[in-house]
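For reference, the structure discussed in these notes is given below.
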Amino acid sequence: MVNVQLHPLEVNPKTGEPFLRLRNHRNIILTPPREEDVEACIPLLNDPRVCDWLAGPPYPYTLENSRWWLGIIKAEADAVLQQLEDAKDDPTPITVGHCPVRSLREVQEDGTDIYIGDLGVMRCRHGELMGSGAVDWANKEAFEERNNSIAVGDSSIIWSMGDYLAPSHHRQGIMSDAVSTVLLDWGVPRMNIRHMWVSTFTGNEGSMKVFLKNGFKLIGSYEDCLEVKGKIRGLNLLEWRYE
Ligand SMILES: CC(C)(COP(=O)(O)OP(=O)(O)OC[C@H]1O[C@@H](n2cnc3c(N)ncnc32)[C@H](O)[C@@H]1OP(=O)(O)O)[C@@H](O)C(=O)NCCC(=O)NCCS
């Protein structure tokens, strides 16, 4: 019997793996990270159409980097799935602190799937912007610590999202759909997400549009505010509130 705590995740009857199907692109699913993603994500994260727009992953992105990161995100997903398993006899959906599915996969006609990207939800890492308006690097850590210390399920947490998609799948509406699906089908009902901040590098028109189409509002633009992989970049900050 399927654990009701997984709702609205479905379960692959062959593998037992939970997944979330995108609302509109029904052949695209999100699953927990798999060991095989260690290698599958490397070409994507070394492609300038992807990595030039990402602050986090180092460049070049190596197998070692990938193993390290997969270890972190797989542990997060596994922990939530274990919590849901432990609560399986509770008929009321519990509130959790992570989304257990984040690896985007395109399901092929024969039922196999290919890795096409990632959409992660995390607590906001822009403590430098959580002060009174100006960029405040001195208090970045303190603001982030405060946000990180708020209990799971509390509506005052500021959340964030980060994403990338294989260039072969760009501009087909996939990430717009994925953001909406993750936010509305898991983030709001299962994590009690009510407030989000996301940031995009200045000039990242695709990412801006993905968020604007999902009801995010531009609340700040910061020129030349950080150095990433040897380049000075500006940031646009967008906010979403549950209404
Ligand atoms: C940003 C990214 C995730 C967008 O994913 P996507 O699935 O291609 O986006 P969508 O197809 O949902 O596009 C949403 C809108 O943006 C437009 N768009 C997408 N890419 C664009 C680009 N490079 N330039 C201008 N507009 C773009 C689309 O045409 C669409 O507009 P429309 O609804 O008016 O037709 C993808 O381009 C990507 O992986 N980029 C590299 C990594 C990255 O930037 N991640 C985000 C970091 S903040």
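The values are calculated or read from the model by the stated rules, or taken from the named source; none is laboratory data. Bear in mind the structure is a predicted one, so any value in this text is a computation, not a measurement. Here the Cβ positions follow ideal geometry from the backbone for every residue, glycine too, while neighbour counts run over all protein chains shown. All accessible areas refer to the heavy atoms of the entire protein, side chains included, with ligands and DNA or RNA removed. Shrake-Rupley method; radii C 1.70, N 1.55, O 1.52, S 1.80 Å.
From the list 177, 224, 185, exactly one residue is over 21 Å from residue 58 (Cβ atoms) and free of Cβ contacts under 8 Å to residues at least 40 places away in the same chain. Which is it?
Going through 177, 224, 185 in turn, the sole match is 224.
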Open item on the list: Quick check on my filter: what residues within the range 25-53 are open to solvent by 50 Å² or more (accessible area, probe 1.4 Å) and touching a residue at least 12 places away in the same chain (Cβ under 8 Å)?
Closed with: 27, 35, 36, 39, 49, 53
TODO: Could you run through the range 22-52 and say how many residues are outside any loop (DSSP other than H, G, I, E, B) and within 16 Å of the ligand (Cβ to nearest atom)?
DONE: 14
Task: Conditions (1) surrounded by 20 or more Cβ atoms within 10 Å (Cβ to Cβ); (2) without any contact (Cβ under 8 Å) to a residue 24 or more places away in the chain; (3) within 24 Å of residue 52 (Cβ to Cβ); number of the one not met by residue 218 - done: (1)
- [ ] Any chance you could count how many residues in the range 109-132 are part of a loop (DSSP other than H, G, I, E, B) and either touching a residue at least 12 places away in the same chain (Cβ under 8 Å) or of a type in the set (Asp, Glu) (or both)?
- [x] 8
Task: Which listed residue is of a type in the set (S, T, N, Q) and farther than 22 Å from residue 183 by Cβ, from 27, 3 - done: 3
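Checking the structure you have, find out if any residue of the range 117-127 is away from the ligand (no atom under 14 Å from the Cβ) and not small (Gly, Ala, Ser). Lay out the reasoning, then the answer.
Residues of the range 117-127 away from the ligand (no atom under 14 Å from the Cβ): 123, 127.
Filter once more, keeping what is not small (Gly, Ala, Ser): 123.
Yes, the range 117-127 has at least one match.
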Task: Test for residue 136: is it acidic (Asp, Glu) and crowded, with 20+ Cβ neighbours inside 10 Å - done: no
Open item on the list: Which of the numbered conditions does residue 114 fail, given that it passes all the others? Conditions: (1) open to solvent by 20 Å² or more (accessible area, probe 1.4 Å); (2) within 16 Å of the ligand (Cβ to nearest atom); (3) under 24 Å from residue 221 (Cβ atoms).
Closed with: (3)
Open item on the list: Yes or no: the range 54-67 includes at least one residue that is surrounded by 17 or more Cβ atoms within 10 Å (Cβ to Cβ), within 16 Å of the ligand (Cβ to nearest atom) and in contact (Cβ under 8 Å) with a residue 40 or more places away in the chain.
Closed with: yes
Open item on the list: With the structure loaded, tell me whether residue 155 is surrounded by fewer than 13 Cβ atoms within 10 Å (Cβ to Cβ), within 22 Å of residue 181 (Cα to Cα) and touching a Lys or Arg at 6+ places or on another chain (Cβ under 8 Å) or whether it fails that test.
Closed with: yes
- [ ] Output the number of the condition that residue 151 fails; it satisfies all remaining conditions of (1) more than 14 Å from the ligand (Cβ to nearest atom); (2) over 22 Å from residue 100 (Cα atoms); (3) free of Cβ contacts under 8 Å to residues at least 12 places away in the same chain.
- [x] (2)
TODO: Go through (1) over 17 Å from residue 242 (Cα atoms); (2) open to solvent by 30 Å² or more (accessible area, probe 1.4 Å); (3) part of a helix (DSSP H, G or I) one by one and return the number of the condition residue 189 breaks.
DONE: (1)
Task: Candidates 175, 161 - the one that is within 16 Å of the ligand (Cβ to nearest atom) and either in a helix (DSSP H, G or I) or of a type in the set (Phe, Trp, Tyr) (or both) - done: 175
Open item on the list: Here is a list: 212, 165, 129. Which entry is open to solvent by less than 30 Å² (accessible area, probe 1.4 Å) and over 14 Å from the mean Cα position of the chain (by Cα)?
Closed with: 129
